[in-house]
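So the structure is just underneath, and the comments pick up after that.
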Amino acid sequence: MFDVISSTLPFLLDGLWMTFKISLITIFLGSLIGVVVGMLRTLDYAVITYPLAAYIHALRGTPFLIHLYLVYFMLPATGISWLQFEAFPAAVIALSLYTSTYVAEIVRAAIEAVPSGQTEAARSTGMTALQCMWHVVLPQAVKMMIPPMGGVYVIIIKGTSIVSVIGIAELVRAGEHATQRHPKELMVIYGMTALLYFAYCYPVLRIARWAETKFGSVRLPS
Amino acid sequence: MTNETPIVVVKDICKTFNIPGRPPVHALRNVSNHVAKGEVLVVIGPSGSGKSTFLRALNGLETIDSGSIVIDGVELTAAKANLNLLRQGVGMVFQHFNLFQHKTALENLTMPQTVVLKRSQSEADEIGRRLLDRVGIGDKDDSYPSELSGGQQQRVAIARSLAMNPKVMLFDEATSALDPETVGGVLDLMKELATEGTTMVVVTHEMGFAREAADRVTFMDGGEIIEEGTPDTVFDDPRHERTRSFLSQII
């Protein structure tokens, strides 16, 4: 069994590295888009909010696998040159858009959960809508975003396993290759794969928990 | 009270709230009023009389359907771009304090100064500490709102408004959410501000305060001004039946 572990671990670590890269880029881009979309959704302009609502509901209401096929197989079929994607960018684009919808809803809900009196007080001192958002609403909304955001990030990290269907050698794919070489050691190989996911996801959840206690509670006077 | 041009001139303002599925609510019907520099105007009336809507219209928190509001020569309803600038000159104290929960008492005072008035941090700190002393809680500068009593929070809120050097201060039922034992202290503070010459518009249910601190009392009901005059005439010799019945219920 030790032989199996030592011979497959390097491949699995390569897979973990790919999972790590895809998930980090996705989480970064998805959060960036999501924060902007979520903030815009709280505005009072139907011209902005309706198209964004359509975007969010369309992506959340359909399976990610379809988005991936759409970006990887169907967009290139249009023949338009800038819509030809390799597997890696296709995975990143599809996953980032998918992530952004969940982040956007978290951001919108958190912003709307800040009592309207905070905005009224800020505006009545003469702050602009933007100053009010930046100095008063967002700092309070961020505290409410942290726990659900940690959850979404972990789901995205584990969700990257789906991109193996377009041939990206991430952790699950690497595990499958290893099982083909050692068909009798399925338990060991899948066990290692699961452990590696856990080793990545658990710290993310711990960091979210730490951030929650750091930013989420009232600091006592020193 | 002086005879200069009034700081606040309100002319024929109307406001109707349209809630789908319910009859429209006429919160303000052709309300006109004015506040001179240094004057204390107290607005009284039953719940739903439109007095809070009137007050909130004065700094644009509530938009109006028609009429005009002029504050220190600037038309509030004219250009939207001026609204932020105009609000700097109109302090607002809320029933529920609305202190910034993520800031300490001192930061609640300094943040709007540095953000809106572009004062330096040290200048804002100095003004902030002086005003916290002024409202009687100089030792609470490091406390967060959740660590303060209602009365202390309202003192911070008053100081936060004062820090912006407002031309007029609006008080929207500032003592209605307070514990009985802290009401008196906040009212005393408001009386001090009044005697120091602060221009104030006060919506309140505290008739004792109205009688003592007001230069003029306006009684509103059903979105209209029913009666106004000096505290003595309104309280001791009300001319209208609605005023009489309101006062008999409340006093």
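All of the numbers you see were taken from the coordinates with simple rules; none came from a lab. None of these values were measured; they are calculated from a predicted model. Backbone-built Cβ (ideal geometry, glycine too); neighbour counts: all protein chains shown.
What ranking of A:69, A:50 emerges when the number of other C-beta atoms within 10 Å of each C-beta is taken as an exposure proxy, fewest first?
Values: A:69 16, A:50 11.
Final ranking by Cβ density, sparse to dense: A:50, A:69.
Need the C-alpha centroid separation for the range B:190-218 versus the range A:1-28, integer Å.
Here the answer is 72 Å between Cα centres.
Exactly which trypsin sites (Lys or Arg not before Pro) in the range B:78-134 are in a DSSP loop and have at most 14 other Cβ atoms within 10 Å? Intermediate results must be reported in sequence, preceding the final value.
Details: sites: B:80, B:87, B:103, B:118, B:119, B:129, B:130, B:134; in loops: B:103, B:118, B:119.
Sites meeting the loop and neighbour criteria: B:118.
Counting each DSSP H run of 4 or more residues in the protein assembly as shown as -39500 (n - 2.57), what helix-only mean residue ellipticity at 222 nm follows after dividing by all residues, to the nearest 500 deg cm²/dmol? Don't jump to the answer; show the numbers that get you there.
On the way: 18 runs with 256 residues, N = 473.
Taken over the protein assembly as shown, the calculation gives -17500 deg cm²/dmol.
Students often forget the sequence filter, so: which lysines lie under 20 Å Cα-Cα from residue B:37 once same-chain residues fewer than 8 apart are removed?
Filter leaves B:11, B:167, B:191.
Once the piece of chain linking residue A:73 and residue A:202 is laid out straight, how much longer is it, given 0.36 nm per residue of separation minus the C-alpha distance between them?
43.0 nm
For the protein assembly as shown, give the share of DSSP beta bridges that are antiparallel, in percent and rounded to the nearest 5; count only bridges with both residues there. Numbers along the way, then the final one.
On the way: 19 of 35 bridges.
About 55 percent, rounded to the nearest 5.
Kindly work out what percent of the DSSP beta bridges joining two residues of chain B are antiparallel, to the nearest 5.
Percentage antiparallel, nearest 5: 55.
Would you please give the FRET efficiency between residue B:212 and residue A:25, computed as 1/(1 + (r/R0)^6) with r the Cβ-Cβ distance and R0 = 56 Å, to the nearest 0.05?
That gives a FRET efficiency of 0.25.
For chain B, give the magnitude of the charge dipole about the Cα centre (Cβ charges: +1 Lys/Arg, -1 Asp/Glu; no others), in debye to the nearest 20.
Details: 25 positive and 34 negative charges, 160 e Å.
So the dipole magnitude of chain B works out to roughly 780 debye.
Per residue of B:165-172, how many C-beta atoms from partner chains lie within 10 Å of its own C-beta, taken as a mean? Don't skip to the answer; put the middle values down first.
Values: counts 0, 3, 0, 0, 0, 1, 0, 1.
Neighbouring Cβ atoms belonging to other protein chains average 1 per residue here.
For residue A:158, go through the aspartates and glutamates and keep the ones whose alpha-carbon is under 19 Å away, minus same-chain ones fewer than eight residues off.
Those aspartates and glutamates meeting the cut-off are A:14, A:170, A:176.
Residues in the range A:109-137 near a label at residue B:74, defined as backbone nitrogen under 15 Å from the 7 Å Cα→Cβ point?
A:123-129
Using only the Cα atoms of the protein assembly as shown, each taken as one equal point scatterer with no solvent, compute I(q) by the Debye sum, divide by I(0), and report log10 of the ratio at q = 0.06, 0.09, 0.11 Å⁻¹.
The calculated log intensity ratios at q = 0.06, 0.09, 0.11 Å⁻¹ are -0.42, -0.74, -0.94.
Looking at the range B:143-242, which GluC sites (Glu not before Pro) are DSSP coil and have at most 10 other C-beta atoms within 10 Å of their C-beta? Mind dumping the intermediate values first?
On the way: sites: B:147, B:173, B:181, B:192, B:196, B:206, B:212, B:224, B:227, B:228, B:241; in loops: B:173, B:196, B:206.
Here the sparse-neighbourhood loop sites are B:196.
Residues with amide H under 5 Å of residue B:50's amide H, sequence separation 5 or more or different chain, H placed in the peptide plane at 1.01 Å from N; which?
Long-range HN contacts for residue B:50: B:223.
Name the residue farthest towards the positive end of the dipole of the range A:56-166 from the options A:131, A:70, A:111, assuming +1 on Cβ of Lys and Arg, -1 on Cβ of Asp and Glu, about the Cα centre.
The one lying farthest along the dipole's positive direction is A:111.
Placing one identical point scatterer on every Cα of chain B and ignoring solvent, what is log10 I(q)/I(0) from the Debye formula at q = 0.07, 0.16 Å⁻¹?
At q = 0.07, 0.16 Å⁻¹ the computed log10 ratios are -0.24, -1.23.
Per Stokes-Einstein, at 25 °C and 0.890 mPa s, what whole-number D in µm² s⁻¹ belongs to the range A:2-215, with the Kirkwood radius over Cα pairs as the hydrodynamic radius? Each step should come with its number before you reach the end.
Working: Rh = 19.3 Å.
After rounding, the answer is 127 µm²/s.
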